[in-house]
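Trainee: Mind looking over this structure? Questions follow.
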């Protein structure tokens, strides 16, 4: 459950709820490494809210002459959307490349669909449709396939892409680059501090996590489970900040691809998922039943066995400034049962 994934020529960064949940479950497969020596820079005015601002990224420079008033977000997940909302900016549209037009649970009460149109862009981003919103800034730092979209998007408005490689920016980096683009640098730094403080507070309130192990997995394919195996994964980093430790029993899971933080376990290996806290999501009830009927899973379920939905596993895998408190709350029932 870490960074980005490629499916039949496409990659979906998040495990999303909704119509594409089954497909997006494969997002567990191919997420790459997560450390990002970001090369994104701003103009000499980076320490203030002054415009113009220039942000360098993989595809060029986004030169933002004045404070944006019509922000469009294009993304395979909600990093930029969440950051903008947390910074007090209401985007006019979010082109959701993971599919669906529903408001994510962690944004309910924060995103007004009457003011921010969520567009199902699973089939691709139509620049003409983007242009209808007359954007003066396009945020696309989490858009897989941006190399194909960027030339047309950049003709519409200054477009901020990812710094070096899709999927390598941390939630902190997303907040900071969006804050630069919106001229709210100080607010961005404040948000990063407040979010980290909320994680620290959660850990302090749940002292029983200290020294306990966890595994986190997704069942979306018959006869196998995809599980986190790397401490460099964004989800693992977040959970370990609560005091838990990734179980070493999954370290020898078959790696799915070079550099992937996820591995594959076959039914004869399901006992390796046993830990003090076992977090599992399934894309269908049949896959859940098949997994739980395996004799080895009795050992897995002997600990705190916490099944979550695909939206929760998506938020866990790809933490943002707004979904972190929400997903930690979703994990609380399992954490509270730790001995």
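The values are calculated or read from the model by the stated rules, or taken from the named source; none is laboratory data. Values in this document were obtained by computation on a predicted structure and should not be read as measured data. With ideal geometry, Cβ positions are generated from the backbone for all residues, glycine too; neighbour counts draw on all protein chains shown.
A quick yes/no check of all residues on (1) in the same structural domain as residue 168 (by TED's automatic domain parsing); (2) crowded, with 16+ Cβ neighbours inside 10 Å; (3) in contact (Cβ under 8 Å) with a residue 60 or more places away in the chain:
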{"site": "94", "(1), (2), (3)": "yes, yes, no"}
{"site": "103", "(1), (2), (3)": "yes, yes, no"}
{"site": "106", "(1), (2), (3)": "yes, yes, yes"}
{"site": "128", "(1), (2), (3)": "yes, no, no"}
{"site": "132", "(1), (2), (3)": "yes, no, no"}
{"site": "153", "(1), (2), (3)": "yes, yes, yes"}
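Trainee: Here is a check on your reading of the model: is residue 88 closer than 30 Å to residue 106 by Cα and at pLDDT 95 or above?
Mentor: Numbers: closer than 30 Å to residue 106 by Cα: yes; at pLDDT 95 or above: yes.
In short, yes.
Trainee: Turning to a different aspect of this structure: Can you confirm whether region 263-270 contains a residue that is assigned to a loop (DSSP other than H, G, I, E, B), at pLDDT below 95 and within 26 Å of residue 199 (Cβ to Cβ)?
Mentor: No, region 263-270 has no match at all.
Trainee: In addition: Return the total of residues in region 229-249 being over 22 Å from residue 337 (Cα atoms), touching a residue at least 24 places away in the same chain (Cβ under 8 Å) and either touching a strand residue (DSSP E or B) at 6+ places or on another chain (Cβ under 8 Å) or assigned to a helix (DSSP H, G or I) (or both).
Mentor: Here is the first cut: in region 229-249, the ones over 22 Å from residue 337 (Cα atoms) are 229-234.
Still in the list and also touching a residue at least 24 places away in the same chain (Cβ under 8 Å): 229-230, 232-234.
Right, trim to either touching a strand residue (DSSP E or B) at 6+ places or on another chain (Cβ under 8 Å) or assigned to a helix (DSSP H, G or I) (or both) and you get 229-230, 233-234.
Within region 229-249, residues that are over 22 Å from residue 337 (Cα atoms), touching a residue at least 24 places away in the same chain (Cβ under 8 Å) and either touching a strand residue (DSSP E or B) at 6+ places or on another chain (Cβ under 8 Å) or assigned to a helix (DSSP H, G or I) (or both) number 4.
Trainee: Could you look through region 174-195, keep only residues that are in contact (Cβ under 8 Å) with a residue 12 or more places away in the chain and under 16 Å from residue 323 (Cβ atoms), and pick out the one that is nearest to the chain's Cα centre (by Cα)?
Mentor: Taking region 174-195 as the starting set, the residues that turn out to be in contact (Cβ under 8 Å) with a residue 12 or more places away in the chain are 174-189, 191-192, 195.
If we keep only those that are under 16 Å from residue 323 (Cβ atoms) too, we end up with 174-175, 178, 191-192, 195.
Numbers: 174: 11, 175: 13, 178: 16, 191: 17, 192: 16, 195: 15 Å.
The residue in question is 174.
Trainee: Any residue at all in region 103-110 that's under 19 Å from residue 184 (Cα atoms) and at pLDDT 95 or above?
Mentor: Of all residues in region 103-110, those under 19 Å from residue 184 (Cα atoms) come to 110.
If we keep only those that are at pLDDT 95 or above as well, we get 110.
Checked against the condition, which is being under 19 Å from residue 184 (Cα atoms) and at pLDDT 95 or above, region 103-110 yields at least one hit.
Trainee: At least 1 residues that are over 24 Å from residue 321 (Cβ atoms) in each: list the helices (runs of 4 or more DSSP H) lying fully within region 52-161 that qualify.
Mentor: Working: elements: 79-86, 127-131, 146-156.
Per the criteria, 127-131, 146-156.
Trainee: Scan region 75-112 residue by residue and report those that are within 14 Å of the chain's Cα centre (by Cα) and within 19 Å of residue 137 (Cα to Cα).
Mentor: 75, 76, 77, 78, 79, 80, 81, 82, 83, 96, 97
Trainee: Before we move on, is residue 205 under 30 Å from residue 299 (Cβ atoms), surrounded by fewer than 17 Cβ atoms within 10 Å (Cβ to Cβ) and without any contact (Cβ under 8 Å) to a residue 24 or more places away in the chain?
Mentor: Working: under 30 Å from residue 299 (Cβ atoms): yes; surrounded by fewer than 17 Cβ atoms within 10 Å (Cβ to Cβ): yes; without any contact (Cβ under 8 Å) to a residue 24 or more places away in the chain: yes.
Yes: the conditions hold for residue 205.
Trainee: Let me ask another. For region 273-322, what are the residues that are within 18 Å of residue 213 (Cβ to Cβ), assigned to a helix (DSSP H, G or I) and within 17 Å of the chain's Cα centre (by Cα)?
Mentor: Result: 316, single match.
Trainee: Would you check if there is a residue in region 217-228 being in a helix (DSSP H, G or I) and either assigned by TED's automatic domain parsing to the domain that holds residue 326 or closer than 27 Å to residue 172 by Cβ (or both)? Step through it out loud before you land on a result.
Mentor: Applying the first criterion (in a helix (DSSP H, G or I)) to region 217-228 yields none.
No.
Trainee: Now a separate question. In the same structural domain as residue 61 (by TED's automatic domain parsing) and free of Cβ contacts under 8 Å to residues at least 40 places away in the same chain: does that describe residue 165? Step through it out loud before you land on a result.
Mentor: On the way: in the same structural domain as residue 61 (by TED's automatic domain parsing): yes; free of Cβ contacts under 8 Å to residues at least 40 places away in the same chain: no.
No; evaluated as a whole, the condition is false for this residue.
Conditions (1) in the same structural domain as residue 69 (by TED's automatic domain parsing); (2) in contact with a helix residue (DSSP H, G or I) (Cβ under 6 Å, 6 or more places away or on another chain); (3) at pLDDT 95 or above, marked per residue:
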{"position": "178", "(1), (2), (3)": "yes, yes, yes"}
{"position": "188", "(1), (2), (3)": "yes, yes, yes"}
{"position": "191", "(1), (2), (3)": "yes, yes, yes"}
{"position": "197", "(1), (2), (3)": "yes, no, yes"}
{"position": "234", "(1), (2), (3)": "no, no, no"}
